[in-house]
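Structure, as structure tokens:
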Amino acid sequence: MPQQTADNRLIHIALASNHRYLPGLLVTMVSMIRASSQKENLRFHILAEELSEDDKNKVTAFAIEYGSAPPEFHEPDMAPIRARFTAYKNSHAAFLRLFLCDVFPFDWMLYSDVDTLWLRDPGELWSARDDSVSLLWCRDLPSICRGVHEYSKWNPDFDESRYACSGVVLMNLKRMRETQFVAKAADFVERWGTPFFVDQDILNYVCRDDAKLLPQHWDCMMPTKEAVNGLVYHFNGIGAMFNSSFSGWRPLYYAWFRFYYDFILKKPSKEVCGFFKRVLFWTLGMFYPPVWLIKLFFGCKPFLVDNIHRQLFFAWLWRHAKWRW
């Protein structure tokens with residue numbers, strides 16, 4: 001662990017978001033601030049891709065309201081990324097994590113995806129820094145690892161048990177600069193092309209002997225047995241929260257939406273739904289029938305079943321939020 005000095009008491013946190021992920025950005029940032037015992041030491045660095053000035057003002061206002069310093073916004077220069085890397089799903093933003101050691105002068109940075117909810121002080125994770133490695137992170141879902149093993153022609157014999165998720169990662173930027181990480185990442189793509197999990201696969205490959213695994217509760221992806229004791233919940237895509245048939249996900253999604261409604265929206269918003277829908281939700285929220293009952297009536301239309309269950313879930317959630325109409 002690095003020696004604690006006046007300069008490195010600051011916790012540098014990188015979050016990346018566009019307008020679509022603004023709700024996720026706000027939940028991640030506010031939950032980190034609320035969980036922190038040293039809010040004054042948090043320094044948020046927002047990699048802003050197409051965030052409007054109104055978006056930035058909202059982020060700044062929430063940071064100040066909950067006790068943190070105003071965040072710094074960085075408009076990433078995508079030109080060198082476009083020159084070196086092939087676009088993935090028409091976007092180069094997924095590669096930004098690979099360039100943090102060039103963008104920021106700090107020795108260390110905590111990167112977090114904006115589909116996370118923090119229930120524990122990020123300072124505790126910050127204290128786990130280890131100068132002997134470039135990365136500290138958590139293992140990815142076993143199902144993902146099996147998928148990686150099937151398509152990873154670039155390293156078919158990799159240690160599956162150590163394949164990690166880049167959603168929450170402590171990055172030793174100083175060491176990554178010293179080991180020429182960015183050049184190695186570019187060489188990887190030139191040789192193998194764009195991998196399926198983009199930056200995550202590249203980080204795993206380049207740092208395969210230069211990383212340590214953290215306890216899984218620091219990046220708790222669902223569904224896993226660690227979810228019950230998770231300190232950081234990672235929802236693997238805010239927009240896909242209700243696309244899984246695994247019913248165990250929904251209580252944890254509730255935790256995210258409850259936080260969003262209680263600490264971000266704070267009161268009913270017409271941006272979420274209009275007056276008629278709010279009244280309908282308030283009424284339906286008293287019942288919240290189980291999935292099997294919905295399937296009994298609409299079993300021949302799976303999409304309709306999922307949509308009805310989703311709407312009823314929102315109804316129940318709106319009814320039980322802290323604020324009242």
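The values are calculated or read from the model by the stated rules, or taken from the named source; none is laboratory data. Small disclaimer: the values here were computed from a predicted structure and weren't measured. Methodologically, a virtual Cβ is constructed for each residue, glycine included, from the backbone with ideal geometry; neighbour enumeration extends over all protein chains shown.
Please note which helices (runs of 4 or more DSSP H) are completely contained in the range 254-325 and include at least 1 residues that are at pLDDT 75 or above and farther than 26 Å from residue 34 by Cβ. Give the steps one after another, and end with the answer.
Numbers: elements: 275-284, 291-298, 302-320.
Those helices (runs of 4 or more DSSP H) span 275-284, 291-298.
Within the range 63-73, track down each residue that is surrounded by fewer than 17 Cβ atoms within 10 Å (Cβ to Cβ) and closer than 18 Å to residue 51 by Cα.
Answer for the range 63-73, where residues must be surrounded by fewer than 17 Cβ atoms within 10 Å (Cβ to Cβ) and closer than 18 Å to residue 51 by Cα: 70, 72, 73.
Residue 28 versus (1) closer than 22 Å to residue 257 by Cα; (2) surrounded by fewer than 19 Cβ atoms within 10 Å (Cβ to Cβ): which is the lone unmet condition?
Going through (1) closer than 22 Å to residue 257 by Cα; (2) surrounded by fewer than 19 Cβ atoms within 10 Å (Cβ to Cβ) one by one, residue 28 breaks only (2).
Which one of these does residue 188 not meet: (1) under 23 Å from residue 125 (Cβ atoms); (2) at pLDDT below 90; (3) hydrophobic (A, V, I, L, M, F, W, C)?
Of (1) under 23 Å from residue 125 (Cβ atoms); (2) at pLDDT below 90; (3) hydrophobic (A, V, I, L, M, F, W, C), only one is false for residue 188: (1).
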